[in-house]
Amino acid sequence: MVTILQLAGLSDRDEVLLINTDQNGQKRFLEIDKVSPLLEPLNPRRFRHKKLLYGGVKNSTNVDIQLNLVYNSISDPDRCSRALERVQNAAKQNPFPFINHPDLIPNVRADRLYELTKGIDGVISPKCLRVTPRSLAELQETLRQNSLTVPFIVKEAGTDPESPNSFLLKEADAFHKLERFAFDGRAYYVTQFYDYRSPDSLYRKHRFFVMGNKILPGHLIVSTQWHIVDDRTAHKALGETLFDIEKEEKAFLKTYQKKRVPALLAIKEKIGLDFFAIDCHIDANGELLLFNIDCEAHYFERVKEHGYYNDKQIQRYNEAVESMILNKIKESDRQRHV
């Protein structure tokens, strides 16, 4: 039996206080809503897992169960910075192998992702700055010094990824429109925008899942709008073309099932994490426009309409997760015996 501890964390903006131990100092293992379901499909006869929530009251977090592996699902270095810091400190004293080691999570920050991937062949990595301006004039000067010009996206760090506090600025003479943001020292990301429309004037966002040493196709979503969240919103304006578009989206899974994409492998090596999604656009020449890395993304999400993944595809994902876990444990055992 393999025992896995899953670490989760409260958002910095969450005002809930969690009592991590009972009156006797014993750890409470909790059933937590909205925690990554990565471990849920594992065979319960071979795997068992506990969830541990970091956040709230800063009391002892000693773990008194025998573990084989730790899965860190605290994956947003801005939204969960306090919980991530606590997990990083705990990991220094932890002898167990990690899926998504907490020290590597900052690599998914948009500015660090740009620095890590900007030199990869076949990848367009949009320039990104992390700024903490105190005024609109200060922001404008910072962008001038770093040669970042319109069009660009301004996004407040740590906001909900599904409904971010963000704005696409298209014209230089419209800079005043950024007054909508609070320039009080909080962090923002400013990212160069690429109009990635295909020749048919539609936007195509591709997702791939990295699961250990495997990279599997996640999904394709086609939309009339550049900001793509899910099928439900993306497909609204497609009209009579929707039938053919859905066929194209479904074919993506088969096209990339065994196709090797060197750029994806290079991104995986640079990031260093075990499990994450790569959101991007791939043009007709195979060049990849990188959007973001998402460690919370999962094929259980309702990003795609029900029926997009058949049972065989779900099985591929589940087997890849199982292989990732077992290979991580084997690797750790080999290192201990060297």
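The values are calculated or read from the model by the stated rules, or taken from the named source; none is laboratory data. Note that the structure is predicted; figures quoted are calculated from it, not measured. Every residue, glycine among them, receives a Cβ derived from its backbone with ideal geometry; neighbour counts consider all protein chains shown. What goes into the accessible areas is simple: the full protein's heavy atoms, side chains included, and nothing from ligands, DNA or RNA. Shrake-Rupley method; radii C 1.70, N 1.55, O 1.52, S 1.80 Å.
Structure above, values below:
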quantity	calculated
Compactness of region 86-228, expressed as Rg and Dmax over alpha-carbon positions, Å	17.9, 55
Paramagnetic reach from residue 242 (point 7 Å along Cα→Cβ, amide N under 20 Å) across region 199-220	201-205, 220
Contour minus Cα-Cα distance for residue 112 and residue 96 (0.36 nm per residue)	3.1 nm
Semi-axis lengths, Å, the chain, gyration tensor of Cα atoms, sqrt of 5 times eigenvalues	34, 27, 19
Net charge contributed by nearby residues that have their C-beta within less than 9 Å of residue 217 (K/R +1, D/E -1)	+3
Relative contact order (%) - criterion: Cα under 8 Å, at least six apart; region: region 236-338	16 percent
Rounded to the nearest 20 debye, dipole of the chain from Cβ charges on Lys, Arg, Asp, Glu	1040 debye
Computed lengthening from residue 306 to residue 180, 0.36 nm per intervening residue step minus Cα-Cα distance	41.6 nm
Solvent exposure, largest accessible area first (probe 1.4 Å, DNA, RNA and ligands not counted), of 306, 49, 227	306, 227, 49
Inter-site label distance for residue 329 and residue 121 at 7 Å from Cα along Cβ, in nm	3.9 nm
Estimated inter-spin distance, residue 285 and residue 194, nm [label 7 Å along Cα→Cβ]	1.1 nm
Extension gain from residue 136 to residue 225, taking 0.36 nm per residue of separation minus the Cα-Cα distance	29.3 nm
Carbon plus sulfur fraction of accessible area for region 195-249, probe 1.4 Å, in percent	51 percent
Kyte-Doolittle mean at least -1.0, axial Cα span of 18 Å or more - DSSP H helices of the chain	242-255
Residue 71 long-range amide H proximity, modeled H, under 5 Å	5, 6, 7, 99
Dipole of region 243-338, positive end: most advanced residue of 308, 325, 291 [Cβ charges, Cα centre]	325
Normalised per residue, the volume of the convex hull around the Cα set of region 210-338 (Å³)	122 Å³
Over the chain: helical MRE at 222 nm, DSSP H runs n ≥ 4 each giving -39500 (n - 2.57), nearest 500	-7500 deg cm²/dmol
205, 270, ranked by accessible area, largest first (probe 1.4 Å)	270, 205
Carbon/sulfur fraction of accessible area - region 99-161, other protein chains in place, 1.4 Å, %	45 percent
Choice from 199, 95, 37 showing the highest fluctuation, given a GNM over the chain with Cα pairs closer than 10 Å	199
Positive-end residue, the chain charge dipole about Cα centroid, Cβ charges, pick of 188, 154, 252	252
Relative contact order (%) - criterion: Cα under 8 Å, at least six apart; region: the chain	17 percent
Beta bridge orientation in the chain: antiparallel %, DSSP, nearest 5	70 percent
